[in-house]
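For reference, the structure discussed in these notes is given below.
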Amino acid sequence: MSTPTVKISKDQHIWAFSADMQPVVTVDPGTVIEIETWDCFTGQVQTEADTIAALDLSRVNSATGPIEVRGAEPGDSLSVTFIDIRPGEQGAGMVIPEWGQIVEKCEAPATRIFKVKDGIITMNEKVSFPTRPMFGVVGVAPASGEVPTFLADRHGGNMDDRQNGIGATLHMPVFQPGGMLAIGDMHASMGDGEISGTGVEIGGTAIIKVDLIKGKTGTWPITETADSWFTHGTHATSLDDALKFAVEEAAKLLVDEWGFTMEDAFIFLSVAGDLGIAQYCHPSPGSVIARMRVPKISACPAPFKK
């Protein structure tokens, strides 16, 4: 494993991605960094009595950073590889009033505490399962204005895609010089959709590597794993629009980078790709996030052609 040369504390964090935010550290492409992150509740949830009703909601979803990467310019991709993600020993999940598809069938608010040890999450005496650590919030400075870390858009932000876990690389479109990367909202595990509005919300540390792809960028962040790459689409409320954006992005890359016709791209994605939902705990004030999986075959082995 690569040895980190820079360490960033969870106390160096932001609550919103803004076009003019200033870095806590400046690094060269290729730098390996150890980051520490709060859980999404910033330490407010320790027992099952700590429900959403008792929290200071202005202290939700901090992101450690920002990290400036030298040489990053609009039109580039800032690539962050999650070399390792190490959750802490205790996390929490919730039922939140008016959030999620079956909330009306549940008592809300409610909190459950999870114990995490040796790669196993224990929910109660009957239920335990392996960890699947990932980050919910990964973003860069937007093109303009300010976006709370609770929301997702073209700059990333609260993407809540479980594919952003150990071994994955997330290619972020750069909108401001230096990119200004920030990361938070660790989950020891989160299912597709995050249907109640929470994963196993937990603090911890991670080892990441930052790089640049010059002159190549997507419309939204693109996740790359060993055998696939995933385009994303987001929308404030519409699942249909988010799904369409994710498909359009995948098709555009197949055409522009790999020489597919649009018809071939459409058919290939239909027969070999997978359209899915990363986050949809609606109704809620959060974003809707969709993804399109493209298998890594010789005709399209990566999102961008070198």
- Residue within the stretch 137-156 that is hydroxyl-bearing (Ser, Thr, Tyr), surrounded by 18 or more Cβ atoms within 10 Å (Cβ to Cβ), modelled with pLDDT of 95 or more and over 16 Å from Asn61 (Cα atoms) present: no
- Only one of Asp28, Asp56, Asp50 is farther than 21 Å from Pro221 by Cβ, free of Cβ contacts under 8 Å to residues at least 24 places away in the same chain and either surrounded by fewer than 16 Cβ atoms within 10 Å (Cβ to Cβ) or touching a strand residue (DSSP E or B) at 6+ places or on another chain (Cβ under 8 Å) (or both), namely Asp56
- Return yes or no: is Asp118 without any contact (Cβ under 8 Å) to a residue 40 or more places away in the chain and either within 21 Å of the chain's Cα centre (by Cα) or surrounded by fewer than 16 Cβ atoms within 10 Å (Cβ to Cβ) (or both)? yes
- Message: For the list (1) in a loop (DSSP other than H, G, I, E, B); (2) modelled with pLDDT of 95 or more, I need the number of the one condition that Pro4 fails.
- Response: (2)
- Output the residues belonging to the stretch 91-107 that are closer than 14 Å to Ile52 by Cα, in contact (Cβ under 8 Å) with a residue 40 or more places away in the chain and in a loop (DSSP other than H, G, I, E, B). Ile96, Pro97, Glu98, Trp99
- Note on the structure: Cβ pairs under 6 Å, 6+ apart or interchain, first in the stretch 180-197 and without any contact (Cβ under 8 Å) to a residue 24 or more places away in the chain, second of a type in the set (A, V, I, L, M), ordered by first then second residue, are none
- Task: Within the stretch 47-75, count every residue that is in a loop (DSSP other than H, G, I, E, B) and more than 19 Å from the chain's Cα centre (by Cα).
- Result: 13
- Task: Would you please name the residue that is farthest from the chain's Cα centre (by Cα), looking only at residues in the stretch 230-248 that are under 11 Å from Tyr280 (Cα atoms) and assigned to a strand (DSSP E or B)?
- Result: His235
- Query: From the residues in the stretch 192-212 that are among the polar types (S, T, N, Q) and crowded, with 21+ Cβ neighbours inside 10 Å, which one is farthest from the chain's Cα centre (by Cα)?
  - Reply: Ser196
- Query: Which of the residues that make up the stretch 70-102 are among the hydrophobic types (A, V, I, L, M, F, W, C) and within 23 Å of Gly204 (Cβ to Cβ)?
  - Reply: Leu78, Val80, Phe82, Ile83, Ile85, Ala92, Met94, Ile96
- Task: Filter the stretch 261-306 down to residues that are at pLDDT below 95 and among the basic types (Lys, Arg), then give me how many there are.
- Result: 1
- Failed item, numbered, when Ser270 is tested on (1) without any contact (Cβ under 8 Å) to a residue 40 or more places away in the chain; (2) crowded, with 20+ Cβ neighbours inside 10 Å; (3) not aliphatic (A, V, I, L, M): (2)
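The values are calculated or read from the model by the stated rules, or taken from the named source; none is laboratory data. In this text, all values refer to a predicted model and were calculated from it rather than measured experimentally. Virtual Cβ from ideal backbone geometry, glycine too; neighbours counted across all protein chains shown.
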